[in-house]
Amino acid sequence: MKNYLFILFLLVSLGSIGQVKNQKNLTTKIPNSTKELDIPTYPNSDETPFVFWHFCKQKEQQLNLSSLETNTSDSLTYRLWITNPIRRKKQPAGLLEIKNTAEGWKGEVILMSVNVNKRKLTETITKSKRIPVEPKSLDWQTIIDSLDYYKFSTLPTDDEIPKYYETNEAYGNNLQTFSFEYSTPKIYRFYQYNNIYRAIDKFWQPKNVVAILDILEKEFEWNSIGEEYFKK
């Protein structure tokens, strides 16, 4: 079992995705878009997106990244957000973005220290570093083909997998959450996974997530980059 980005310590938990009591503080709204949007929302809510989409959009704005929900100029973009819930202040976090541009494929790792306000459900980046990355051994097309093979663009969010969380065991733990964004000029999707090793022998979806993470770590070494950065 791998701990991506750094070794985990103690948890300040947000609790189960289905049990965020202060949903009124999730102020980021799903935008109007010409794209087809697939963003998971809480049951019995007024189309309130899951808290980790909310967090990703907060960090996206602070990093001056494009809004994939509405951006139609980029042909294809993959994002992987890593949340490490070990403390409220200076919480290590990361983003790997792979984007198809006019100049070809480009990769970037963004490492962040984040202050978390659990009551207000806000994340504030206190420092960050952007690092361009290139594949270590595979070519770009092979990487994209691998992401397609493991269904990066179509995986469901873990809460939507039938019988995956049969008891109150989702997100109330000290394990990382991985949030995925997939965007084309016509489609935007968001989904997330927590405790990815808990049932990979029973469900193909988290098994695919682990395979995606392993490929991206092997080729871009973002785990090693993060460990070195957060030691400072």
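Averaging the sequence gap over all C-alpha pairs within less than 8 Å and six or more residues apart, then dividing by the number of residues, gives the chain a relative contact order of 26 percent. Counting every alpha-carbon pair across the chain, the share separated by more than 30 Å comes to 19%. Of the residues TYR188, TYR229, GLN176, the one whose Cα sits farthest toward the positive end of the charge dipole of segment 155-232, with +1 on the Cβ of Lys and Arg and -1 on the Cβ of Asp and Glu, is TYR188. What you get for the chain, charging only the Cβ of Lys and Arg (+1) and of Asp and Glu (-1), is a dipole of about 1160 debye around the Cα centre. On a per residue basis, segment 106-232 carries 49 Å² of accessible surface, using protein heavy atoms and a 1.4 Å probe. With contacts taken as Cα pairs under 8 Å and at least 6 residues apart, segment 25-122 reaches a relative contact order of 22 percent. Setting aside same-chain residues fewer than 8 positions from LYS29, which aspartates and glutamates have a Cα under 15 Å from its Cα? Correct list for LYS29: ASP38, ASP46, GLU47, GLU60, GLU69.
Beyond a 31 Å Cα-Cα separation, which of these cross-linked pairs lie in this structure: LYS120/LYS186; LYS89/LYS202; LYS90/LYS163; LYS59/LYS186; LYS59/LYS202; LYS89/LYS151? Check vs 31 Å cut-off fails for LYS120/LYS186; LYS89/LYS202; LYS90/LYS163; LYS59/LYS202; LYS89/LYS151.
The loop-placed chymotrypsin sites (Phe, Trp or Tyr not before Pro) in segment 150-215, going by DSSP, that have at most 16 neighbouring Cβ atoms within 10 Å of their Cβ come out as TYR197, PHE203. Here LYS136 is the anchor, and the lysines within straight C-alpha reach of less than 16 Å, apart from those fewer than 8 places off in the same chain, are LYS106, LYS218. Projecting the Cα atoms of SER33, THR70, CYS56 onto the charge dipole of segment 24-83, computed from C-beta unit charges around the Cα centre, puts CYS56 farthest toward the positive end.
Evaluate the relative contact order of segment 62-103 (contact order divided by residue number), counting alpha-carbon pairs under 8 angstrom at least 6 apart; express in whole percent.
40 percent
The values are calculated or read from the model by the stated rules, or taken from the named source; none is laboratory data. The structure presented is a predicted model; accordingly, all values stated were derived computationally and were not measured. Please note: Cβ atoms are built from the backbone with ideal geometry, for glycine as well, and neighbour counts cover all protein chains shown. Protein only, heavy atoms only, side chains kept; ligands, DNA and RNA dropped before computing areas. Shrake-Rupley method; radii C 1.70, N 1.55, O 1.52, S 1.80 Å.
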